[in-house]
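Only one structure is covered here, and it is reproduced in the block below.
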Amino acid sequence: MKNIVLLAGLTALMMSSCEVKEKVSSSNGEPFGMNIACADFGSVFPGEYNKDYTYPTDSDLVYWEKKGLKLVRMPFKWERLQYKLDGGLNKHDLEKMKEFVVAAQKRGIKVLLDLHNYCRRFENGDHRIIGTYGITNQNYAGFWKKIASEFKDYDNIYGYGLMNEPHDLPDSISWFKMAQLAIDSIRMVDTKNTIVVGGNSWSSAKRWLTESDTLKFLKDPAENLMFEAHCYFDKDGSGTYKYSYEEEEGTPEKGIQLVAPFVEWLSQNNLKGIVGEFGIPDDDARWEVTLDNFLSYLSKNGVNATYWASGPWWGEGAQMVIPTYKGGKEYPQVKVLEKYIMTEK
């Protein structure tokens, strides 16, 4: 009996040690999270607040805090924060952004500020590529310098997301040069916070090696860069999931296969990375298996991710996870998402 008691005590101690080890490992990882999108809404710029677009508030954090998520990616628009090139920041929208950051701070949630502009700015009635029609790299970098000056002292800024999904740039326009100038400008006022660099070609994880490999040569005097890829599992990678699981060529391992080029690139170059957007539809449980495998793979490789998307103005869509769904039931994706709070390393 004495030996049994001793063995039981030793087993309990070992189990306790494992639990502690697991908690320590989790606390040292990177947080998974959610996109809370609404400030990027609308086709009119700057648009009318609470009609064409809005900003997330504390109420949009309650559900996700309960689920344990510790990171929010918050899209916003250049044209709404700065009406005129090189001009001052729009105080109303800046204040709304700050209110949300403070609300997240009180709940222990970090915020990734995501400039959701696709390497473009709405000028003279159209979306113009930066570097054309008088919109210069210097205009863009100067904007980021102003934003960093305003947010550098908040302790829950996860990073400055330089640009959402650069794409279809002419040969004369270099996303690399844009990004480098923005990095240099931010570091004039903020040497602390992480700078997050999205990949070219819609930030595609699948096409990372062919479209974004040169980003590894970016220089940051603070040596605090993170790289952002996006990964959807449907056939065209758009995240619209227009067709059935079979027609979209779904498999349990598809997410891993699509994101592996990005994850392996990070490892080979000793760089940090995040998957800023991913998502699945709610109408076929087989996608949930794909999602689970995808997140497990990321977690084991120390790469975190933010799901697309939640927010106060979303209706029922392909992969949206607004807090209530079909009579108050949770979206089926949530039971997978809440398994992944922090990466394993």
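The values are calculated or read from the model by the stated rules, or taken from the named source; none is laboratory data. Computed from a predicted structure; not experimentally measured. Cβ coordinates were reconstructed from backbone atoms using ideal geometry, including for glycine residues, and neighbour counts include every protein chain displayed.
State whether one or more residues within the range 281-291 are part of a loop (DSSP other than H, G, I, E, B), at positive phi and either among the basic types (Lys, Arg) or touching a residue at least 12 places away in the same chain (Cβ under 8 Å) (or both). Looking for residues that are part of a loop (DSSP other than H, G, I, E, B), at positive phi and either among the basic types (Lys, Arg) or touching a residue at least 12 places away in the same chain (Cβ under 8 Å) (or both), one finds none in the range 281-291, hence no.
Within the range 223-252, how many residues are closer than 19 Å to Leu115 by Cβ and of a type in the set (A, V, I, L, M, F, W, C)?
Total meeting the criteria: 4.
Ser172 passes every criterion in (1) over 25 Å from His92 (Cα atoms); (2) touching an Asp or Glu at 6+ places or on another chain (Cβ under 6 Å); (3) among the polar types (S, T, N, Q) apart from (2).
Restricting the range 205-241 to residues that are of a type outside the set (D, E, K, R) and assigned to a helix (DSSP H, G or I), the residue that is nearest to Pro281 (Cα to Cα) is Trp208. Across the range 45-60, the number of residues qualifying as in a loop (DSSP other than H, G, I, E, B) and either buried (at least 22 other Cβ atoms within 10 Å of the Cβ) or among the aromatic types (Phe, Trp, Tyr) (or both) comes to 3. Name the residue, out of Glu247, Glu223, Glu253, that is under 20 Å from Gly161 (Cα atoms), at pLDDT 95 or above and in the same structural domain as Leu295 (by TED's automatic domain parsing). On inspection, the qualifying residue turns out to be Glu223. A single member of Asn50, Asn3 is out of contact with any strand residue (DSSP E or B) (no Cβ under 8 Å at 6 or more places or on another chain), on the phi > 0 side of the Ramachandran plot and either at pLDDT 95 or above or not assigned by TED's automatic domain parsing to the domain that holds Ser310 (or both), and it is Asn50. Taking each residue of the range 44-56 that is without any contact (Cβ under 8 Å) to a residue 24 or more places away in the chain and looking for partners that are of a type outside the set (A, V, I, L, M, F, W, C) with beta-carbon atoms closer than 7 Å, six or more apart or interchain, yields Val44/Asp52; Asp52/Gly42.
Cβ-Cβ distances below 6 Å connect the following pairs, each with a first residue in the range 153-175 that is in the same structural domain as Val275 (by TED's automatic domain parsing), a second residue that is surrounded by 24 or more Cβ atoms within 10 Å (Cβ to Cβ) and among the charged types (D, E, K, R), and a separation of six or more residues or different chains: Gly161/Asp114; Asn164/Asp114.
With the requirement that a residue be surrounded by 15 or more Cβ atoms within 10 Å (Cβ to Cβ) and closer than 12 Å to Ser204 by Cα, what does the range 220-238 give you? Those that are surrounded by 15 or more Cβ atoms within 10 Å (Cβ to Cβ) and closer than 12 Å to Ser204 by Cα: Phe227, Glu228, Ala229, His230, Cys231, Tyr232, Phe233, Gly237. For the range 97-134, a residue qualifies if it is outside any strand (DSSP E or B), surrounded by fewer than 20 Cβ atoms within 10 Å (Cβ to Cβ) and more than 19 Å from the chain's Cα centre (by Cα), and the qualifying residues are Glu99, Lys106, Asn124, Gly125, Thr132, Tyr133, Gly134.
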